[in-house]
Amino acid sequence: MLTALVVLAACALVATALVQRLLGGRPVLSFEAVASRVHETTWNELPVLVGGGAAVLAGLALLAAAVSRGRPVVLALSPVPGVEAGTTRHGLRTSLRSEAAGVDGVAATAVKLRRRRVRVTVRTNRTNTDGLAEAVGTAVSRKLEQVGLAKVPAVRVRVRGGAR
């Protein structure tokens with residue numbers, strides 16, 4: 001994202017300078033000044049070495065980001081002989097959110113899926129929240145069993161609201 005913003009800013013600067021030049025005005029970025037400065041600079045000067053080092057570091061960071069594993073989009077279901085199936089993270093999150101919202105006393109829900117854990121945050125308008133977290137946890141765990149994931153994550157429930 002940062003790379004895209006830097007490239008976008010550079011393109012906007014060049015485009016602005018070109019439009020100003022075409023309209024006969026004084027450009028923000030003088031191409032003659034940039035060209036003369038580049039021609040005067042040698043390979044052994046500090047700005048060239050720093051810029052080259054920064055380019056190498058940026059390249060290594062981009063390479064590491066491309067190689068590193070991200071979150072899987074599809075979560076594997078329990079294996080059945082001859083069948084490979086999965087569910088999307090978005091679909092599972094939506095299903096778990098609606099299951100948690102169906103518990104009596106829940107006003108709003110938020111679900112976060114991690115590799116080994118599902119975090120459910122529920123908001124309630126009840127003054128007494130005893131047993132609500134357990135009820136939501138049971139409902140979400142039951143839904144996870146129905147879905148049949150290959151690796152079932154642990155469920156954590158947090159209740160917000162209640163008596164103040």
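The values are calculated or read from the model by the stated rules, or taken from the named source; none is laboratory data. Here the structure is a predicted model, which is why all the values come from computation and not from measurement. Cβ sites come from the backbone with ideal geometry, for glycine too, and all protein chains shown count toward neighbours. Heavy atoms of the whole protein, side chains included, go into the accessibility calculation; ligands, DNA and RNA do not. Shrake-Rupley method; radii C 1.70, N 1.55, O 1.52, S 1.80 Å.
Let me have the relative contact order for the chain, percent, based on Cα pairs under 8 Å that are six or more residues apart.
It comes to 16 percent, rounded to a whole number.
Contact order normalised by length for the range 20-95, with contacts defined as Cα pairs under 8 Å and 6 or more residues apart; what percent is it?
Computed value for the range 20-95: 13 percent relative contact order.
Heavy-atom accessible area per residue, the range 50-108, 1.4 Å probe: how many Å²?
Each residue of the range 50-108 exposes 68 Å² on average to a 1.4 Å probe.
If you roll a 1.4 angstrom probe over the protein chains with everything in place, what fraction of the accessible area of the range 1-42 belongs to carbon and sulfur, to the nearest %?
Reported share for carbon and sulfur atoms: 73 percent.
What 222 nm value per residue comes from the helices of the chain, counting each DSSP H run with n ≥ 4 as -39,500 (n - 2.57) and dividing by all residues, nearest 500 deg cm²/dmol?
Here the helix-only value at 222 nm equals -16500 deg cm²/dmol.
Work out the charge dipole of the chain with +1 on the Cβ of Lys and Arg and -1 on the Cβ of Asp and Glu about the Cα centre, then indicate which of L92, V111, V122 is farthest towards its positive end.
Projecting each Cα onto the dipole axis, the largest value belongs to V122.
Taking a point 7 angstrom from the Cα of A135 along the C-beta vector, which residues in the range 110-128 have backbone N less than 18 Å away?
110, 120-128
Which of V38, T16, V56 sits farthest toward the positive end of the charge dipole of the range 8-96, with +1 on the Cβ of Lys and Arg and -1 on the Cβ of Asp and Glu?
T16
With N set to the residue count of the chain, report its C-alpha Rg divided by 2.2 N^0.38 Å to two decimal places.
Relative to the rule-of-thumb radius for its length, the chain sits at 1.81.
Nearest 10 degrees, 0 to 90: what angle lies between the long axis of helix 31-40 and the longest principal axis of the chain (Cα atoms)?
Between helix and principal axis, roughly 80 degrees.
Short version: ³J(HN,Hα) in whole Hz for each residue of the range 5-19, in order, from phi by Karplus 6.51 cos²θ - 1.76 cosθ + 1.60 (θ = phi - 60°), x for Gly and Pro, what are they?
5, 5, 5, 4, 5, 5, 5, 5, 5, 5, 5, 5, 5, 5, 5
FRET efficiency for A9 and R69, Cβ-Cβ distance as r, R0 = 35 Å, nearest 0.05?
The pair A9/R69 has a calculated efficiency of 0.70.
Quick one: longest stretch of the chain between exposed loop GluC sites (Glu not before Pro), exposed meaning at most 16 other C-beta atoms within 10 Å and loop per DSSP?
So the longest stretch without any such site is 85-164.
Could you calculate the contour length gain from A76 to A154, that is, 0.36 nm times the residue separation minus the distance between their Cα atoms, to one decimal place in nm?
Extending this stretch completely gives an extra 26.5 nm.
Name the most mobile residue of L60, L75, L22, meaning the one with the largest mean-square fluctuation, in a Gaussian network model of the chain with Cα contacts below 10 Å.
Among L60, L75, L22, the largest GNM mean-square fluctuation belongs to L22.
Which ³J(HN,Hα) values in Hz, rounded to whole numbers, follow from the phi angles of the range 134-146 under the Karplus curve 6.51 cos²θ - 1.76 cosθ + 1.60, where θ = phi - 60° and Gly and Pro get x?
5, 5, 5, x, 5, 5, 5, 5, 4, 5, 4, 5, 5
Name the trypsin sites (Lys or Arg not before Pro) in the range 102-135 that are in a loop by DSSP and that have at most 12 other C-beta atoms within 10 Å, would you?
In loop regions of the range 102-135 (DSSP not H, G, I, E or B), the sparsely surrounded trypsin sites (Lys or Arg not before Pro) are R114, R115, R116.
If one computes the Cα centroid of the range 118-164 and of the range 39-113, what distance in Å separates the two points?
A separation of 25 Å, based on Cα centres.
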